[in-house]
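Take a look at the structure set out below.
The values are calculated or read from the model by the stated rules, or taken from the named source; none is laboratory data. Note that the structure is predicted; figures quoted are calculated from it, not measured. Methodologically, a virtual Cβ is constructed for each residue, glycine included, from the backbone with ideal geometry; neighbour enumeration extends over all protein chains shown.
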């Protein structure tokens, strides 16, 4: 069996396109859900995250698609598409895994930590996770390109990241906080570089970098 050749530019472009389509479809589903919710008089919002209620665990999957009106939805859609699109440049698998990790950490964290008797909806937890992923991944990947993107995201969204985790009535700051934590977790899981292995045929002593002697 002959070795598989690395994916060329056409395959790479297709992977990026699929990632962008994934982000676009998620945003479209949010709008469809809000249109249906408006027609039903807000009945879909009951499927948000209800802290420490076992039935409310369904909100971990559904809450990002539910919003408190079209103003709330529009405010989340723009950064969701921009930040998600930036992650999608690394391909479909990357943006899908980042989304899954962030949604899980944000959802479960909110379910555990938010006050009982509340319902949490909205995609802002994922938006915060996308932002912190883009900011923190350079720490793990050691990529200058990732660092440049992270600095840009920090400049654009840094103030929002800080103010968004401050306790405020009517705002799911817990979702923001745990979404941000989820972004860092995703960067750690997906972008951490493995230590370089020693070259074949070299002993551990030979593989070590040469050290200069210094007299005390």
Original post:
Of the conditions (1) closer than 25 Å to residue 118 by Cβ; (2) in contact (Cβ under 8 Å) with a residue 60 or more places away in the chain; (3) out of contact with any strand residue (DSSP E or B) (no Cβ under 6 Å at 6 or more places or on another chain); (4) assigned to a helix (DSSP H, G or I), residue 18 fails just one. Which one is it?
Top reply: (1)
Original post:
Do you know which of the residues in the stretch 94-108 that are in contact (Cβ under 8 Å) with a residue 12 or more places away in the chain and surrounded by fewer than 22 Cβ atoms within 10 Å (Cβ to Cβ) is farthest from residue 18 (Cα to Cα)?
Top reply: 108
Original post:
Checking residue 23 against (1) surrounded by fewer than 18 Cβ atoms within 10 Å (Cβ to Cβ); (2) part of a helix (DSSP H, G or I), which test does it fail?
Top reply: (1)
**OP:** Kindly indicate whether any position in the stretch 3-25 is closer than 19 Å to residue 174 by Cβ and touching a helix residue (DSSP H, G or I) at 6+ places or on another chain (Cβ under 9 Å).
**Re:** no
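Give 185, 155, 189 a once-over and let me know the one that is assigned to a helix (DSSP H, G or I), loosely packed, with under 14 Cβ neighbours inside 10 Å, touching a helix residue (DSSP H, G or I) at 6+ places or on another chain (Cβ under 8 Å) and at pLDDT 95 or above. Give the steps one after another, and end with the answer.
Working: 185 fails: loosely packed, with under 14 Cβ neighbours inside 10 Å; 155 fails: touching a helix residue (DSSP H, G or I) at 6+ places or on another chain (Cβ under 8 Å).
One residue alone meets the criteria, 189.
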Original post:
Which of the residues belonging to the stretch 36-80 are in contact with a strand residue (DSSP E or B) (Cβ under 7 Å, 6 or more places away or on another chain), at pLDDT 95 or above and either assigned to a helix (DSSP H, G or I) or surrounded by fewer than 15 Cβ atoms within 10 Å (Cβ to Cβ) (or both)?
Top reply: 59, 60, 63
